[in-house]
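So the structure is just underneath, and the comments pick up after that.
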There are 4 protein chains.
Amino acid sequence: MAVPGAGDAVSNKPKRLNIGVVGIGRMGQRHALNILHLVPRANLLCVCSPAKPDLEWADQHLKPYGVQIYETFEQMIETPGLEAVVISSATALHASQTLVCLERGIHVLCEKPITTDLHELATIIKKAESRPETKLMVGFCRRFDENYMHARKKVQAGDIGTPIVLRSQGCELLDKSGFFVQYAKVSGGIFVDTTIHDIDLTLSFFGEDVKPKALWATGIAAMHKELAEFHDADNAVGVVEFWGGKIAYYYHSRTTTHGYDNCTEVIGTAGKLSINLVPKMNRIEISDAHGIRNEAMPSWSDRYEGAFVTELKDFTAAILDGTELPMKLSSAMTSLRIALALQESLVTGKKIEFDENGNKI
Amino acid sequence: MAVPGAGDAVSNKPKRLNIGVVGIGRMGQRHALNILHLVPRANLLCVCSPAKPDLEWADQHLKPYGVQIYETFEQMIETPGLEAVVISSATALHASQTLVCLERGIHVLCEKPITTDLHELATIIKKAESRPETKLMVGFCRRFDENYMHARKKVQAGDIGTPIVLRSQGCELLDKSGFFVQYAKVSGGIFVDTTIHDIDLTLSFFGEDVKPKALWATGIAAMHKELAEFHDADNAVGVVEFWGGKIAYYYHSRTTTHGYDNCTEVIGTAGKLSINLVPKMNRIEISDAHGIRNEAMPSWSDRYEGAFVTELKDFTAAILDGTELPMKLSSAMTSLRIALALQESLVTGKKIEFDENGNKI
Amino acid sequence: MAVPGAGDAVSNKPKRLNIGVVGIGRMGQRHALNILHLVPRANLLCVCSPAKPDLEWADQHLKPYGVQIYETFEQMIETPGLEAVVISSATALHASQTLVCLERGIHVLCEKPITTDLHELATIIKKAESRPETKLMVGFCRRFDENYMHARKKVQAGDIGTPIVLRSQGCELLDKSGFFVQYAKVSGGIFVDTTIHDIDLTLSFFGEDVKPKALWATGIAAMHKELAEFHDADNAVGVVEFWGGKIAYYYHSRTTTHGYDNCTEVIGTAGKLSINLVPKMNRIEISDAHGIRNEAMPSWSDRYEGAFVTELKDFTAAILDGTELPMKLSSAMTSLRIALALQESLVTGKKIEFDENGNKI
Amino acid sequence: MAVPGAGDAVSNKPKRLNIGVVGIGRMGQRHALNILHLVPRANLLCVCSPAKPDLEWADQHLKPYGVQIYETFEQMIETPGLEAVVISSATALHASQTLVCLERGIHVLCEKPITTDLHELATIIKKAESRPETKLMVGFCRRFDENYMHARKKVQAGDIGTPIVLRSQGCELLDKSGFFVQYAKVSGGIFVDTTIHDIDLTLSFFGEDVKPKALWATGIAAMHKELAEFHDADNAVGVVEFWGGKIAYYYHSRTTTHGYDNCTEVIGTAGKLSINLVPKMNRIEISDAHGIRNEAMPSWSDRYEGAFVTELKDFTAAILDGTELPMKLSSAMTSLRIALALQESLVTGKKIEFDENGNKI
């Protein structure tokens, strides 16, 4: 007994979500390849980029699979059958492209930050709420890492009692190429650019509806002295107090020598979870004249390689199955609010306070 | 500028290897899904199984993707366009199915053991050598784990000098269901069933051409007392001396309480690599009234999840690109020879010696 | 050839420092036994305590060794030959007893806090400076732990470049007996009582002369709700910015379930040292149905058992050899200043700033 | 109320055991200083050595404390009041000196090996049994390490069920000075010289009365090629099967590059204890361009620094209190028997079997 021919079968092939990728720089390429090869329920329909080298890359890696390649977002968005996009274009374009897609009923997974402007974010959220059938998710990839997911389940199951304190850090390898300093100028600052991930995780552990009460930050430009010019730091610490008696504190560094040292500790009334306390690259220990050592995780893209795939899978599933997205838009608002306030505190040296609704006083 | 239509593009789609999976029990299902969803350069053309539940599973999970489903190997092997198979049928069928495929010029990735009979293995190897254009690989999946691959590179780069001693163990969770004891009866015994993986890894580190000189094994039936009836053990230790001054020693247990505790240490004249010395499940540490702990890796299928995918990718690439397979067939012969001799030593209590060609004296 | 009789030899016996212990409660008993049995260059001459049970303990454990036992400090201080004291009496007595000893030329190792009043500390330091031949050391025992000593050497050798950020925490097991809450009332508060150790360590790594620039603290009474009444916390976080571009941040908890979780990370421009990142009790890993675990260090007295002995040895050596004490009195002043300000910030919620001399603005 | 004068009190001073140290080379000096300064219930009465530099060392470090110093064992043994000796002279003298002491009713703690001759050991044990009031202990120091003691308690409490398999290794840093090769010639061989510690630990975990059933060993001279001349190895593996269904397997290396890598795993039917699986020197982790590392324990004398003190304390207490010694002499016999047989197997390549009483067949 053989099944009917392949041609026939194809017609029963499970529905796949047609996705386009906006911007195929470093992250966009990764998203495109993930959709193409690792997300069974998605189909990479099209991509776009204004950059010649990116288009050449797409010609080589995507075109053979029938992916449609465009030079502009406006052209790509017209592709027949397009159902969803992943926005990984320049940050300045995120908000407007998101709005265009929502307007057209195209689901959006937008790289963070969707915007670093609170008013703009409010506008986007309003638009999204007005079109509940169109889904919008901000790409806080760390939530989709299997370790954070597993930890979240434990917290939700009450394994550590009530979470009361959270510590999170995301230290990165010193970049000596000069690239980072240029990037930093437009990044929104250390808290807005990167600590926002730790803040998002905080909400995932403390509860999406938790509200900040007060915060304070400080930082130094220890190696990238140029950062001082635009009031940013390469090593910074921030503390956030939440209404209801919870505290989160963050550290970020742009200057490690060993690799990407990113860990989170969730401390509850009945135990503690430490995620990636020692950022080992793999399961190999080397014993030699240097002692006993592990190689360190080189960078966030290595650390969260699997998380990017899971993120796409979960986004795809939520659309195809009509289920809830794994995170709320209001959380993105809270996270941005906190990140901006930490950045402000870093610059002004002032403590910042919030009312019970989490609005800055 | 948009690329030409999808239809056009499809015709340029990179060549994919048409693979059939023989046997879709637990491992076969995993292979089938891996080929279907995670190996971009492969196409799951067909599967076969004599077992109703497996066919039903295939109807549900594979048929929608156009995969052809057969009740017999003989039918499946006739599928037009079939280029390669993954054999994960009952062990007793591995050898004959492999021979049929080789005869037809169909490439084979066969789950271990391809056979536990040395003469039969010699016949298979002869056949394979007579058809060098048809590739045959035995599925020693642990070689494809990223940690072992990384460690191998380090050893080959001379990072630990000359490897002289290797320790490897593969302890498994106690099975209280009774399944294991039934399985054990036909498994070939503890060394042939599982330590053969550690032996294969030894060759990968010491050199594929290394020859055994002498060995001795002992074991106990500590929990699965029934094993004693057929002279098998649930905890066993074996030591192998190789010509040229190298030693490997192995421990296997079927009775752990914490999980799958599988590690390898490669000791060289200038350093040591320890792979998975502490078999942590993930990057989460739990601190509570029990102390500070990690959950343990539950089973080999969790530990080597990624390795199964890499194995398929590398097998596929070697065929499509016409490159060397990542392991030699002669290694499978050496490994089986050593495993059988360890098992014999376990039963007889005798030390077993080999001549300089690795033939038992 | 035998050496001359023992009697003769005794007269050449190396000079030992005659020490008295003031207060023989829990810590005083430990100091007394350490001096008696584990500090070769010291002689336990006398002890005193107003508490009957402590005197009974001394009768049993010290008297047999010829130690003189007194009911009052005033009596003990007259003991002929007394050269130095260890003050481990009630905190309220530390300052006055220290002053009496200094006045008499008796060297002092005083348990921390010598006082929690900055003016009183200034008076003591002035007195000490007026009698430079009489040594005064505050018992910041963590400095004498072999790990901290080893780390300090590495930092001083430049192994991690310039230290720029320090993280330190000292989480303690939840006390359910009610004792802690009573103690907390007179402890000076969480930062003054315990974080002062982390502050002292900060100075030891950043440089004794480093000056605070600004700080902020927050805390919650998560389990010991009674603490809120006197504005203390059982979980608190504080951040201190130092002049010259350095940051230290602290976390203390009174509510762990696993044990004494005390670690320090010193982050420099060329590397990081993590001291006791995972607070394992010993070198034993237990693998069982709970996973893979270590027992946790139960309490600070277990963690710093060896440090208390080293502290006494180094204090003794500095006096007998006329060398510098291993820490400066001015550091104790800086530490107290920071600890008091953190506590004030915890209570008031206000950020506190300091001028370039480290004086509160 | 002051206690009576010191003179009076001294007469009530707890009885201390008068100990002499025979041989004050490296280990003898350590024992002497330990007794002098760290074992409160012992008094270092005398030492002896034929070596000029050792006598000079004693003049400087021991004489000031009234310790009597002799050039010969025969003189020292006459010291009035001598109650016990620690024998750390040249190995060749251990047996005869032990017999002389037993004859005189002087308790003995003898460094291992007391002898490497089974007949001589039998003679010594017979003599010891004929004088039960005189205690004799062989210095298997690893038993007194706090980790092994703690693990033993857990095993005895049934925490891991019935112990069935034990793995132990004791790898040492490569000695490039040439000293080791000279020493090896008279050491009795790798199993007799060092693995005997692992064997002793095996008995401590499996039960002192466990009997060997069969064993086999193999080894290589990987770096110290000269060892081959006298049939010794610098890397060796041995497996011992015990009557009653238990297995121990050992690895020893003289050629590590990272330090003293000494660990033991006790595997039971309900769990596993791993002691010192990763031989970290201390609690400091260094993160820098080399990755994340710990310095390794340099040598056995660092690893067992505390164990040597505990050994002396327990030996002293057993004598003063008239209690059982913490290990049986018969264990030393079993350990030596196994070690000699492993060494024989290493040389001959033969498997060695024992009858149910543990006598070689």
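Read-outs throughout are calculated quantities, based only on the coordinates presented, and are distinct from any laboratory measurement. These figures come from a predicted structure and were not determined experimentally. A quick note on method: Cβ atoms are made from the backbone with ideal geometry, for glycine too, and the neighbour counts reach across all protein chains shown.
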Item to complete: Mind listing the long-range amide H neighbours of C:GLY268? Cut-off is under 5 Å, sequence gap 5 or more, other chains count too, H placed in the peptide plane at 1.01 Å from N.
Response: C:ILE164, C:LEU273
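Given the C-alpha atoms of segment C:16-139, compute the convex hull and give its volume per residue in Å³.
Dividing the Cα hull volume of segment C:16-139 by its residue count gives 89 Å³.
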Fill in: Rounded, prolate or oblate (a/c below 1.5 giving rounded, otherwise prolate when a/b exceeds b/c) for segment D:19-85 by Cα gyration tensor
oblate
Item to complete: Treating each Cα of segment B:213-312 as an identical point scatterer and ignoring solvent, apply the Debye formula and state log10 I(q)/I(0) at q = 0.20 Å⁻¹.
Response: -1.17
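Across every pair of different alpha-carbon atoms, what Kirkwood hydrodynamic radius in Å does segment A:188-234 reach? Intermediate values should be presented prior to the final figure.
On the way: mean 1/r = 0.0815 Å⁻¹.
When all Cα pairs of segment A:188-234 are included, the Kirkwood radius is 12.3 Å.
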Worksheet, complete the sentence: Output field shielding_mean for B:238-249 (other chain Cβ, 10 Å radius) holds 4
Fill in: Averaged over A:102-112, number of beta-carbon atoms from partner chains that fall within 10 Å
0
Fill in: In order through segment C:36-42: 3J(HN,Hα) via Karplus (6.51 cos²θ - 1.76 cosθ + 1.60), integer Hz, x for Gly, Pro
4, 10, 10, 10, x, 8, 10
Fill in: Formal net charge of residues neighbouring A:SER49 (Cβ-Cβ distance under 15 Å; K, R +1; D, E -1)
-2
Discussion item. How would segment C:109-182 be classified by its alpha-carbon gyration tensor: rounded, prolate or oblate, with rounded meaning a/c under 1.5 and the a/b versus b/c comparison settling the rest?
Written reply: oblate
Fill in: Quarter of the Cα convex hull surface for chain B, i.e. its orientation-mean projected area (nm²)
22.6
Practice prompt. Only helical DSSP H runs with n ≥ 4 go in: add -39500 (n - 2.57) per run for chain D, normalise by residue count and round the 222 nm mean residue ellipticity to 500 deg cm²/dmol.
Written response: -10500 deg cm²/dmol
Worksheet item: Given Cα pairs under 8 Å that are at least 6 residues apart, what percent is the relative contact order of segment B:15-139?
Response: 23
Item to complete: In a Gaussian network model over chain C where Cα atoms closer than 10 Å are linked, find which of C:VAL21, C:VAL186, C:VAL237 has the largest mean-square fluctuation.
Response: C:VAL186
Item to complete: Specify the angular offset, from 0 to 90 degrees and rounded to the nearest 10, of the alpha carbon long axis of helix A:305-321 from the longest principal axis of the alpha carbons in chain A.
Response: 60
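For the pair A:TRP243 and A:HIS119, what calculated FRET efficiency results from E = 1/(1 + (r/R0)^6), where r is the Cβ-Cβ distance and R0 = 25 Å, to the nearest 0.05?
E(calc), rounded to 0.05, equals 0.60.
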Worksheet item: Residue by residue through segment A:283-299, which ³J(HN,Hα) values in whole Hz follow from phi under the Karplus form 6.51 cos²θ - 1.76 cosθ + 1.60 (θ = phi - 60°), with glycine and proline marked x?
Response: 8, 9, 9, 10, 10, 7, 4, 7, x, 10, 9, 10, 6, 8, 3, x, 8
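Can you tell me the FRET efficiency between D:GLU305 and D:SER177 if r is taken as the Cβ-Cβ distance and R0 is 22 Å, rounded to the nearest 0.05? Display every interim value, and only then the final one.
On the way: r = 22 Å, r/R0 = 1.01.
Rounded to the nearest 0.05, the efficiency is 0.50.
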Worksheet item: What net charge do the residues around D:PHE191 carry, taking every other residue with its C-beta under 11 Å from that of D:PHE191, with Lys and Arg at +1 and Asp and Glu at -1?
Response: -4
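Once the cut-off is 42 Å, how many percent of the Cα-Cα pairs in the protein assembly as shown end up in the long-distance tail? Could you put the intermediate results ahead of the total?
Numbers: 590778 of 1041846 pairs.
More than 42 Å apart: 57 percent of the Cα pairs in the protein assembly as shown.
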Worksheet item: Taking chain A as a Gaussian network, where each spring joins two C-alpha atoms under 10 Å apart, which residue of A:VAL22, A:VAL278, A:VAL47 fluctuates the most?
Response: A:VAL278
Fill in: Efficiency of FRET from Cβ geometry, D:ASP321 and C:ASP209, R₀ 35 Å, rounded to 0.05
0.05
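How would you rank C:194-206, C:257-269, D:95-107, highest first, on the average number of other Cβ atoms within 10 Å across their residues? Walk me through the numbers on the way to the answer.
Working: C:194-206: 25.3, C:257-269: 23.3, D:95-107: 18.1.
Going from most to least packed, we get C:194-206, C:257-269, D:95-107.
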Worksheet item: Relative to the longest principal Cα axis of chain C, at what angle does helix C:196-206 sit, 0 to 90 degrees, rounded to 10?
Response: 90
Fill in: ³J(HN,Hα) computed for each position of segment B:85-92 - Karplus, 6.51 cos²θ - 1.76 cosθ + 1.60, integer Hz, glycine/proline x
10, 10, 9, 9, 7, 4, 3, 4
Discussion item. Residue by residue through D:289-301, how many Cβ atoms from other chains fall within 10 Å of the Cβ on average?
Written reply: 6
Practice prompt. For chain C, set up a Gaussian network in which alpha carbons nearer than 10 Å are linked by springs, and say which option among C:ILE124, C:ILE77, C:ILE284 fluctuates the most.
Written response: C:ILE284
Discussion item. What does the C-alpha gyration tensor say about the overall shape of segment A:300-361? Classify as rounded when a/c is under 1.5, otherwise prolate if a/b is larger than b/c, or oblate.
Written reply: oblate
Worksheet entry | Under 20 Å between alpha carbons - lysine pairs in segment D:14-139 that sit 8 or more apart or on different chains | 7
Worksheet item: In terms of modelled amide H atoms, which long-range or inter-chain residues lie less than 5 Å from the amide H of B:VAL108?
Response: B:VAL85, B:LYS135, B:LEU136, B:MET137
Worksheet item: Residues with amide H under 5 Å of D:ALA222's amide H, sequence separation 5 or more or different chain, H placed in the peptide plane at 1.01 Å from N; which?
Response: D:ASP234, D:ASN235
Worksheet entry | Closest-to-axis residue of chain D (Cβ criterion, axis taking D to C), whole Å | D:LEU38, 3
